[in-house]
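Below is one structure, written out as structure tokens, with a few remarks after it.
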């Protein structure tokens, strides 16, 4: 049975494959030219793409706008930085971040899911702000300077290991991890659980009457998003060598929302393309004026008004119809 | 003990009160816009900043302070009106109005903030305090300008409440907030009332900008932190409630002032946000009902 | 000696909204595989009664028993699990999704919970149920269509099908013919009749002709109270019903 949702998911897979291909070409070119700067920038774009992915799970599938997803991104960055400083182990950092994500995601989810709609947006905003201010004022966490001095890391992957200091190596590693996040999210959203989230967005009341506890579904969605955001954040100090309070600020959450809207809300892959696009726009516009926010703001507003499905709204329908024709034959 | 009251606590309370009045002005605009249009105006903080910058610019060409108190809000009215008609109305009837309008105003905030930076540069300006000196009340010295702020702000707040609850115009606004279609069928020009209310809310934010400029200095991102407090106020007070915004505004700024004194200024914000989060969990509708439900 | 227990029993059910007694001490029983219909003028409290029975509202007083089990005040998803499903007077579907997907979502409860986390394709029981419903409700041709684009009649039919998807023991239908043409109404009546072989039905309906033909038992409500109950002909003859509902006929 191939329905519209499955076809759309498939179109997304093709687009991700294309992104990976582009990433590989980019890595080869970067390696050949000995570039560091752009590889690092692209790695960062992918890491923030993971954060945007988590925003899309909430906004595009469950219909919940989080204005505080930076809470989990920052959480991951700080926990990972602390773990890396203490143990210099990738797996310890990831394990600690995952544990923190589950605990904080559950707590945050229980609080935030008591409300709906704009209140959800504002409570997530408020929670992130509380944590941001608390971290900003905590000497033990480096206060306004953040945690610095995260050591360079050898990520042991069993068969081989990747150094976080290698621009190409770490870029490819982050590309793989981001694709893993995508696969995880795409898998979950194409299960009956994921379909129920989509149903929740369409008509929450009826979900309750066809036999599902909607608060549990929303909590599940929130938790998945929290885990992906936290783990994305956990990669950040490996790339940059520090975790700063800015990662918890509203600008980080806001950027993730902009990314999702630009890329195409409710498409997953849009979050990744959106992040790449936003990074390109920022560095291109930033190269001739420091006022790139005006440009980004205007683009963002235009997309909200004119292109509610973002960049993917332009690309995906065509791909879906091609795939649809293919499957009917 | 008495000394402490005289020199520490009372001035702190008055400072909190002056800030409280300014926050309430900003929050009133937010809450009226939400109560009536069902729109979270994410650019409200930038309108507050815009008001401060317009005051700064007009002050430099020589307009006296008392004239700014009138000129800035009046200049803000058409700006707000145009933004509502030109932007918000464009997505007003989309399926997901709450989220779409929130996103659109968020985008506008980015543009406005960066535009201010483009025109005025990133560095803070510190306008002169228009009213210097202090008065002695029962042995406590209180800065005149803060008292003036409380008086002017209080007057505007009371005036706003009177307009909303005691005039024919206010009745139309409340009718439109209660039931848009019913109000329209009764001949209320709903679209113009919406735009007008947005303009009015934005003008209040501008006025707060004028009043606070001499205290906080003027810089492009000045709206960011301030708007957080205003959001907190309208959530705790009850979104769309004027009375709630006043009560919550006074309460939260006092909490801020007192906790700065007893705990530490750096923890004042987390404490206030913590109150908001607790309020959202315990009583999501806030202290008081919305605009349509007097 | 062992009389068959009614599927649904409602005892002394009451709720008031700010002093208004919307449902006031209503008691009745719904027998297995029968069609029981609640009628009454507008504002009689029929929909509120449904909301109380289906868990949308918790009653201030009284009890709801499903096969003898007290489920009073349980949330809708619990009611659903206990075998009670309902449709809505104002069509409440997933309008952006396809017909088949609407049915699949509702049929998913037939599967064990663990399947929620496995690919959609592995839920075979749900898939079979969707096919059954599509042909039973003559929606085969429209399986892939987006619900929002269906005709009103089809949407109303799907509204019932979604409620039926979980194979409930009792089905509450809130004005299934609401806004339908004559032909569609007749079709729906026949459909409800055929459904009653497998499932107990509690109905709210405005079309009196339909009610008389379709129902085994009629419960008449007026101003929140039950004023009569019985077989169609008995209710039709009832004096209190004559004045309250049919006017002075």
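The values are calculated or read from the model by the stated rules, or taken from the named source; none is laboratory data. The structure displayed is predicted, hence computed values, not measured ones. Every residue, glycine among them, receives a Cβ derived from its backbone with ideal geometry; neighbour counts consider all protein chains shown.
Picking from C:61, C:78, C:127, which residue would you name as being out of contact with any helix residue (DSSP H, G or I) (no Cβ under 9 Å at 6 or more places or on another chain), within 9 Å of chain A (Cβ to nearest Cβ), at pLDDT 90 or above and surrounded by fewer than 23 Cβ atoms within 10 Å (Cβ to Cβ)? Give the steps one after another, and end with the answer.
Values: C:61 fails: within 9 Å of chain A (Cβ to nearest Cβ); C:127 fails: out of contact with any helix residue (DSSP H, G or I) (no Cβ under 9 Å at 6 or more places or on another chain).
Unique residue meeting the criteria: C:78.
Number of residues in the stretch A:114-136 that are more than 7 Å from chain B (Cβ to nearest Cβ) and more than 12 Å from residue B:232 (Cα to Cα): the value is 8. Across the stretch C:81-104, the qualifying residues are those that are in contact with a strand residue (DSSP E or B) (Cβ under 7 Å, 6 or more places away or on another chain) and not in a loop (DSSP other than H, G, I, E, B), and the one among them that is farthest from the other protein chains (Cβ to nearest Cβ) is C:84. Against the test of being within 14 Å of chain C (Cβ to nearest Cβ) and over 14 Å from the mean Cα position of the chain (by Cα), the options A:39, A:24, A:7, A:18 yield a single qualifying residue, A:7. Scanning the stretch C:6-20 for residues being surrounded by fewer than 16 Cβ atoms within 10 Å (Cβ to Cβ) and touching a strand residue (DSSP E or B) at 6+ places or on another chain (Cβ under 9 Å) gives a total of 2.
Scanning the stretch C:146-164 for residues that are over 13 Å from the mean Cα position of the chain (by Cα) and at the interface with chain A (Cβ under 10 Å from one of its Cβ atoms) returns C:146, C:147, C:148. The residue of the stretch C:105-124 that is surrounded by the fewest Cβ atoms within 10 Å (Cβ to Cβ), among those that are more than 7 Å from every other protein chain (Cβ to nearest Cβ) and assigned to a loop (DSSP other than H, G, I, E, B), is C:112. Taking residue C:188, is it out of contact with any strand residue (DSSP E or B) (no Cβ under 7 Å at 6 or more places or on another chain), in a loop (DSSP other than H, G, I, E, B) and crowded, with 21+ Cβ neighbours inside 10 Å? Taking the combined requirement at face value, the residue does not satisfy it.
Take the conditions (1) surrounded by fewer than 24 Cβ atoms within 10 Å (Cβ to Cβ); (2) within 30 Å of residue B:111 (Cα to Cα); (3) away from every other protein chain (no Cβ under 12 Å); residue B:213 misses just one of them, which is (1). At least 1 residues being in contact with a helix residue (DSSP H, G or I) (Cβ under 8 Å, 6 or more places away or on another chain) and surrounded by fewer than 19 Cβ atoms within 10 Å (Cβ to Cβ) is the threshold, and among the helices (runs of 4 or more DSSP H) wholly inside the stretch C:198-249 those reaching it are C:208-214, C:232-237. Which members of the stretch C:130-165 meet the condition of being out of contact with any helix residue (DSSP H, G or I) (no Cβ under 9 Å at 6 or more places or on another chain) and surrounded by 19 or more Cβ atoms within 10 Å (Cβ to Cβ)? Answer for the stretch C:130-165, where residues must be out of contact with any helix residue (DSSP H, G or I) (no Cβ under 9 Å at 6 or more places or on another chain) and surrounded by 19 or more Cβ atoms within 10 Å (Cβ to Cβ): just C:159. Residues in the stretch A:199-217: is at least one more than 10 Å from chain C (Cβ to nearest Cβ), part of a helix (DSSP H, G or I) and closer than 29 Å to residue A:46 by Cα? No: zero hits.
Regarding residue B:268, is this residue touching a residue at least 40 places away in the same chain (Cβ under 8 Å) and not in a loop (DSSP other than H, G, I, E, B)? Judged against the criteria, residue B:268 is not a match. Would you call residue A:67 in contact (Cβ under 8 Å) with a residue 40 or more places away in the chain and within 12 Å of chain B (Cβ to nearest Cβ)? Against the criterion (in contact (Cβ under 8 Å) with a residue 40 or more places away in the chain and within 12 Å of chain B (Cβ to nearest Cβ)), residue A:67 qualifies. Here residue B:194 meets the list (1) crowded, with 23+ Cβ neighbours inside 10 Å; (2) more than 14 Å from the chain's Cα centre (by Cα); (3) facing another protein chain (nearest Cβ under 10 Å) almost entirely, failing just condition (3).
Tell me, please, whether a residue that is more than 10 Å from chain A (Cβ to nearest Cβ) and in contact with a helix residue (DSSP H, G or I) (Cβ under 6 Å, 6 or more places away or on another chain) can be found in the stretch B:263-278. Checked the stretch B:263-278: no residue is more than 10 Å from chain A (Cβ to nearest Cβ) and in contact with a helix residue (DSSP H, G or I) (Cβ under 6 Å, 6 or more places away or on another chain).
Of everything in the stretch A:151-190, what is part of a helix (DSSP H, G or I) and either more than 18 Å from the chain's Cα centre (by Cα) or within 14 Å of chain C (Cβ to nearest Cβ) (or both)? Give them in sequence order. Within the stretch A:151-190, A:167, A:168, A:169, A:183, A:184, A:185, A:186, A:187, A:188, A:189 qualify.
Checking the structure you have, find out if any residue of the stretch A:91-108 is out of contact with any strand residue (DSSP E or B) (no Cβ under 9 Å at 6 or more places or on another chain), farther than 21 Å from residue A:231 by Cβ, surrounded by 14 or more Cβ atoms within 10 Å (Cβ to Cβ) and within 14 Å of chain B (Cβ to nearest Cβ). No.
In the condition set (1) under 18 Å from the mean Cα position of the chain (by Cα); (2) free of Cβ contacts under 8 Å to residues at least 60 places away in the same chain; (3) outside any helix (DSSP H, G or I), residue B:63 is compliant with all but (1). As a summary of the residue check, residue C:38 satisfies the conditions (1) out of contact with any helix residue (DSSP H, G or I) (no Cβ under 7 Å at 6 or more places or on another chain); (2) farther than 30 Å from residue A:194 by Cβ except for the one numbered (1). Kindly establish whether residue A:57 is modelled with pLDDT under 95, more than 14 Å from chain B (Cβ to nearest Cβ) and within 30 Å of residue C:122 (Cα to Cα). For residue A:57, the condition - modelled with pLDDT under 95, more than 14 Å from chain B (Cβ to nearest Cβ) and within 30 Å of residue C:122 (Cα to Cα) - is not met.
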